[in-house]
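All of the numbers you see were taken from the coordinates with simple rules; none came from a lab. Model, not experiment: these values are computed from the prediction. Cβ placement follows ideal geometry from the backbone for every residue including glycine, while neighbour counts extend to all protein chains displayed.
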Amino acid sequence: MPTHEVFNQVPPLTGHDLAEDAALLDGLIREDAAWAVPEVHEIGRLAGTAQAQEWGRLANENPPVLRTHDRYGHRIDEVEFHPAWHELMDVAVTHGLHGAPWADGRPGAHVARAAKFYAWRVDAGHGCPVSMTYAAVPALRQTPELAAQYEPLLAKREYDYGLRAPLTKNALLAGMSMTEKQGGSDVRANTTRATLQPDGTYTLVGHKWFTSAPMCDLFLTLAQTDAGVTCFLVPRVLPDGTLSPLRLMRLKDKLGNKSNASSEIEYEHAVAHRVGEEGRGVRTIIEMVNMTRLDCVIGAAAGMREGLTIAAHHAAHRKSFGKYLADHALMRNVLADLSLESEAATTLMLRLAGATDRSVRGDASETAFKRLALAVSKYWVCKRWPAHAAEALECLGGNGYVEESGMPRLFRESPLNSIWEGSGNVAALDILRAMAKEPATVEAFFTEVELAAGADVRLDGAVRRAKDALTDFGTIELRARSVAEQLALILQGSLLVRHGHPAVADAFCATRLAGTGGVAFGTLPPGLDLTPLIDRATPKIP
């Protein structure tokens, strides 16, 4: 006999278009990529299917397995993935989320790629090799002969999995292998050694503490030469088809990002090709780092939107005390505040993608703006995601703490982007470095912010305070995080005042800039129009 009737449960969140997002679509058009709107909707609709969401679940619940040897004792150093991982990778690569923009001469190509990367958010782990493949190209271009060989294969929209000689494959993926156990972010402390060979190649000997992702075909890595830290390209398989002596020692057991294989490796005289000038490895690989920092911002913005969407969907269908959660005043305040943070992050990431696109095409002013704005945004948007994820999870109550809801996985992912490519302190100090060594970046940053001058007195006041904060050089390192926060908020405020929905811009200036909101989400003051924020957050399921 049934003991109860199931009711007041939220329907599955499937069948919607993850690209049906006003801030995303408005920014896509504004940043020269209106031509890509159909492509973005295509991947957004796919991301909303039950099948794609199941791929994400399976890839995380069946993480990769390291196989160091075959049954006969031969060293194979392979990583075995669940079939769902390969489905995710195939969609990402064939839709051009990896290196495809570098082969696309249309204005807005990098913006289109950012929007698709944002919309395809069914699993964060497989985004790592996709992101690194995208980011490897500008570093490789510092050695034109290597770029000529490998760039077309890194940009090709084909997923060709398997360990084979790179130039015999239809398409390639690239990884990154920089940090060591004694140094972390201080890559100048690396001890891996590179030795020049008679044929012009090098051999590497050393241990790498984090290498992502070890099933890739090529790796950009750092090693010491007599001239100092130098960048190298290391293939997994040599031209004759034999495995390079790149030994996978173990896979990292991480908090989140479970579907992705992060590893420790040892180079045992692994063959490598120099990239860029000898002794200038940090400057060379920073080209890759800056691109992956952009993806950190995109990923954090996407994660916020995902948490908001799940929370808004739940609140729209779950009743308590006689009415839907979304109709309770305090829940409306929480959802509106989460929506506000999400829209600010999405608007900012699209502006950065636009700056990247124009910088690639030779716009010096956009290059200067991007240098500081990207560091500022990487610090702030990635810092905001964990708090946002926690609050979105809480909107589901106890249901949000259960794995089946998807919220625990999202919450575990949320700290990663703040750590990846330089944790909070590294990012904040990079901001100070940019301002001190490249004053043009400060001028370009404030030129952008002041395009909204006079439009909102709260924003104008925040800009003045941010400028004042830059004048006390004696304590600026101690205040680096505070400076980063102020710069990020005035940039977001300026973009929302100029381009955002009026209710969004008003709420942002009232709370993030004028200081009338509290620290916790859900503390928006009375008098704001919350309805547009909630409406823009609630997914539309046909």
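Observations on the model:
- Only Lys, Arg (+1) and Asp, Glu (-1) charged, at Cβ; region 22-279 dipole about Cα centre in debye: 340
- Rounded to 5, percent antiparallel among DSSP beta bridges of the chain: 90
- Seen from all directions on average, region 273-321 presents a Cα convex hull projection of 5.0 nm².
- Between region 216-238 and region 50-98, the C-alpha centres lie 25 angstrom from each other.
- Simple Cβ-charge dipole of region 220-261, Lys/Arg +1 and Asp/Glu -1, about Cα centre, in debye nearest 20: 340
- When you filter the chymotrypsin sites (Phe, Trp or Tyr not before Pro) in region 434-528 for DSSP loop state and at most 10 other Cβ atoms inside 10 Å of their Cβ, nothing is left.
- Each residue of region 291-302 was assigned a 3J(HN,Hα) from its phi angle through the Karplus expression (A = 6.51, B = -1.76, C = 1.60, θ = phi - 60°), giving 5, 6, 5, 4, 5, 4, 5, 4, x, 5, 4, 5 Hz with x at Gly and Pro.
- Residue by residue, region 206-220 carries 3J(HN,Hα) couplings of x, 10, 10, 7, 9, 10, 10, 10, x, 8, 5, 8, 9, 9, 8 Hz when phi is fed to the Karplus relation 6.51 cos²θ - 1.76 cosθ + 1.60 (θ = phi - 60°); x denotes Gly or Pro.
- A Förster radius of 51 Å, combined with the Cβ-Cβ distance separating Ala387 from Thr3, puts the computed FRET efficiency at roughly 0.80.
- Reach of Lys370 by Cα under 29 Å, taken over lysines that are not fewer than 8 positions away in the same chain: Lys116, Lys156, Lys378, Lys383, Lys437, Lys467
- Derived scalar couplings ³J(HN,Hα) [region 303-316; Karplus, 6.51 cos²θ - 1.76 cosθ + 1.60; whole Hz; x for Gly, Pro]: x, 4, 5, 5, x, 4, 4, 5, 5, 5, 4, 4, 5, 6
- Aspartates and glutamates whose Cα lies under 14 Å from that of Lys169, excluding same-chain neighbours fewer than 8 positions away: Glu151, Glu158, Asp160, Asp217, Asp240
- Look at the dipole of the chain built from charges on Cβ: of Leu524, Ala22, Ala311, the Cα furthest out on the positive end belongs to Leu524.
- Spacing of the modelled spin labels on Asp90 and Asp363, each 7 Å from Cα toward Cβ, amounts to 3.8 nm.
- Listed by Cβ neighbour count within 10 Å, with the fewest neighbours leading, Ile29, Ile431 appear as Ile29, Ile431.
- Each listed q (0.09, 0.11, 0.13 Å⁻¹) maps to a log10 I(q)/I(0) for region 22-279, found by the Debye formula over equal Cα scatterers with no solvent: -0.41, -0.62, -0.85.
- Label-point gap, in nm, between Ala22 and His69 - each point 7 angstrom along Cα→Cβ: 6.2
- Between the helical axis of 83-94 and the longest alpha-carbon principal axis of the chain there is an angle of about 90 degrees.
- Within region 22-279, DSSP assigns beta bridges of which about 90% are antiparallel (rounded to the nearest 5).
- Leading residue at positive end of dipole, the chain (Cβ point charges), from Gln197, Val449, His207: His207
- Database remark: amide H of Asp32 closer than 5 angstrom to no amide H (H placed geometrically; neighbours at sequence offset of 5 or more, or on other chains; Pro and chain starts carry no H).
- Euclidean distance between Cα centres, region 137-179 to region 332-390, Å: 28
- Once the Cα atoms are used to define both axes, helix 457-469 deviates from the longest principal axis of the chain by about 40 degrees.
- Among Tyr150, Tyr379, Tyr401, sorting on how many other beta-carbon atoms sit within 10 Å of each Cβ, with the fewest leading, yields Tyr401, Tyr150, Tyr379.
- Long-range amide H partners of Val237 with built H, under 5 Å: Ser244
- Computed about its Cα centre, the charge dipole of the chain is approximately 560 debye, with only Lys, Arg, Asp and Glu carrying charge at their Cβ.
- [x] 27.4; [y] 25.1; [z] 29.3, with the label sought being that of the calculated mean projected area of the Cα convex hull in nm²: [x]
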